[in-house]
Amino acid sequence: MSNVSAELRIFPNKEMFSVDMAEVLAAAILKDGIIQGCDIAIENGVLKFTKNGRMVINGRLGVITAGDVPVPSTITTQGTYSVVAVCDLRGVGPEFYISIATPTDIQNLNSAKSSGDGFNVEGTLDYIILGTVDINPATGLASNWLRSASTAVPHKGPSIYTELLDRISALTNSVNDKLTWKIVNGEYTGTSKWVTVPASAKEIIVTVFVAYNSSNKSSIDFHLPVNDVMWTTTASMFTHVNHWASTNDGFVQIKTMKNSDGRHVNLHRVFNQTTNVTESTTWLVWYR
């Protein structure tokens with residue numbers, strides 16, 4: 001028989017302790033912050049909770065009664081400060097409080113936190129930042145309250161799932177956009193145009209139509225990474241050459257160049273055997 005002690009805490013005639021409940025909530029709730037009420041605003045230069053409410057910090061439920069958030073006497077310099085909700089399980093002061101914190105306060109809070117998931121079990125300290133506020137210590141007035149969308153906007157399970165789904169959708173769209181080849185401003189003809197490569201591009205394809213009519217569209221393609229090895233200054237432009245046709249009876253040459261305006265590509269020469277057909281040649285630039 002195992003000598004490991006094991007028991008159920010959620011069971012008839014069993015007692016579930018606060019640390020058990022906190023650990024269950026910490027495991028089940030996807031993010032900390034306000035879950036109900038707790039509206040925050042500035043009225044007549046005073047930062048206030050204008051509505052009662054509740055928030056969760058690492059599995060611990062804190063209840064808020066509306067009222068003022070005083071400016072600490074430790075703030076002596078005009079500036080922007082963090083508004084924090086602190087859960088302190090060390091038994092040396094209030095277990096739960098709201099404060100306007102200086103950078104030194106934040107440093108001290110971080111020093112008191114447990115590493116890993118020891119907060120509830122070890123009985124240390126954790127906190128969340130609800131937003132920022134500007135404080136003028138000469139007048140004692142607050143202004144420019146800016147709440148954190150992550151912690152100070154009330155959220156519950158459905159809203160969190162919706163937020164996650166929206167983020168996943170946005171990330172999927174972003175990845176798909178980065179993987180999709182896009183044309184830079186349509187077709188070009190001849191050498192008259194230096195095409196600017198979009199700053200977001202990581203690679204380009206230059207398609208040069210050595211034959212371009214209703215019955216035959218044949219192209220030479222240059223696939224280039226957007227890297228400074230391939231993109232030199234105006235004084236020493238980089239050229240790329242490829243042959244075309246089954247008997248290699250012609251060639252295509254393009255140029256890449258970088259200057260203060262960005263990276264650019266240009267059709268340099270197209271030869272059909274010994275005939276220069278550059279100015280009548282159509283070409284495209286793709287990027288992603």
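The values are calculated or read from the model by the stated rules, or taken from the named source; none is laboratory data. Note that the structure is a prediction, hence the values are computed from the model and not measured. A quick note on method: Cβ atoms are made from the backbone with ideal geometry, for glycine too, and the neighbour counts reach across all protein chains shown.
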Whichever residue in the range 203-215 is at pLDDT 95 or above and not hydrophobic (A, V, I, L, M, F, W, C) and, among such residues, is farthest from the chain's Cα centre (by Cα): Thr207
Candidates Leu171, Leu125, Leu164, Leu89 - the one that is surrounded by fewer than 11 Cβ atoms within 10 Å (Cβ to Cβ), among the hydrophobic types (A, V, I, L, M, F, W, C) and farther than 25 Å from Lys51 by Cα: Leu171
Residues being in a loop (DSSP other than H, G, I, E, B) and out of contact with any Asp or Glu (no Cβ under 7 Å at 6 or more places or on another chain) - total across the range 51-81: 13
Matching residues, the range 163-204, being over 30 Å from Asn276 (Cβ atoms), touching a residue at least 60 places away in the same chain (Cβ under 8 Å), outside any loop (DSSP other than H, G, I, E, B) and hydrophobic (A, V, I, L, M, F, W, C): Leu164, Leu179
Residue match in the range 205-219 (condition: more than 29 Å from Gln273 (Cα to Cα) and hydrophobic (A, V, I, L, M, F, W, C)): no
Ser148 vs. criteria crowded, with 16+ Cβ neighbours inside 10 Å, of a type in the set (Ser, Thr, Tyr) and either in contact with a Phe, Trp or Tyr (Cβ under 9 Å, 6 or more places away or on another chain) or at pLDDT below 95 (or both): no
Residues that are at pLDDT below 90, surrounded by 12 or more Cβ atoms within 10 Å (Cβ to Cβ) and over 29 Å from Asp177 (Cβ atoms), drawn from the range 234-251: Met237, His243, Trp244, Ala245, Asp249, Gly250
Output for the range 249-268, where each listed residue is touching a Phe, Trp or Tyr at 6+ places or on another chain (Cβ under 9 Å) and closer than 21 Å to Thr233 by Cβ: Gln253, Ile254, Lys255, Thr256, Met257, Lys258, Arg263, His264, Val265, Asn266, Leu267
Candidate set from the range 8-43 (those that are under 12 Å from Ile57 (Cβ atoms) and not in a strand (DSSP E or B)); member that is nearest to the chain's Cα centre (by Cα): Lys31
